[in-house]
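The block underneath contains the structure these notes are about, expressed in structure tokens.
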Amino acid sequence: MADVASPLQYGDPPRLGPFVVQARLHSAPAGFVYLGQASDGRAVSLAVLTRGAAIDAAARERFVTALQEAAPSGDRSGVRSWLGLGAKGRATVTEDAPPVLDMNTGHAPWVAVAYVPGKPGAERFLEPVMVGGTLIGVAHGPDFVPYWLTDRTPALAAPVRRRPLTETRRRVLIAVAVLLALLVLLVTIVLLMLLGRSGGDPMPRQLPPTVFLPTPPPVPSTPYPEPSPSPSAPRSGEPTPGRSPGDEPPQEPQL
């Protein structure tokens, strides 16, 4: 039956790794199959688990094991059975599975194969996810209803949170402005130091040491002080103020 592509719906991934998702090809209980395009223009078939199957460890392991077994020898991780042998187990896909071009085996695994109309594509790797039954024997259809069948949205990896470009650009501009201000301040300080040395007075040279010899104190011109002049005698006819020595007051007559 020819593949009928339908438009993408809400929740479908726009990209899976390096591949651009263009349309939806299949929808199965275990996952979805998309038509994509590689970077070189080739058409690819992409299979991704549902979110319910991806959170189930056993279902995810069956899908990843099928991918590793169909991958080229250089991409195989050497998964071995519990007997230590490299034999194929319950998760093995049929021999007509297409070769794997690229895959992701993380928490939201997916696989990419070449898209060839009318031939099996990536949907072959979703078949082992629903396999159930005994541990030993031929794989057969599921004998129970998985609890995760109700979650039928594609399993996508958590988006990487990045800071907005405006905030990053603002931080870069602030850092550049601070560096420029520091550079201008440093250049200004250097110029002031150079101009201060060239335009100022030259530094005084250190004088040679001198021998200090004490000098005698100065000698006065008159070695002895001159006596002060005596008071001059009063002139004749001028009364002498006050009482002269030897003058006695006249005695009063006794009655």
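The values are calculated or read from the model by the stated rules, or taken from the named source; none is laboratory data. Please read all numbers here as calculations on a predicted model, not as lab measurements. For neighbour counting, all protein chains shown are included, and Cβ atoms are generated from backbone atoms with ideal geometry for every residue, glycine included. Each accessible area value is taken on the protein alone, full model and side chains, heavy atoms only, with ligands, DNA and RNA left out. Shrake-Rupley method; radii C 1.70, N 1.55, O 1.52, S 1.80 Å.
So the values come out like this:
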| read-out | value |
| --- | --- |
| FRET efficiency, Ser27 to Arg170 (Cβ-Cβ, R0 51 Å, nearest 0.05) | 0.70 |
| Per residue Cα convex hull volume in Å³ - calculated over region 1-54 | 79 Å³ |
| Nearest-10 value in Å² for the accessible area of Asp102, using the 1.4 Å probe | 50 Å² |
| Relative packing of 54-66, 209-221, 184-196, which averages over residues the other C-beta atoms within 10 Å, highest first | 54-66, 184-196, 209-221 |
| Stretch gain in nm, segment Ala5-Leu182, where the contour uses 0.36 nm per residue and the Cα spacing is subtracted | 57.5 nm |
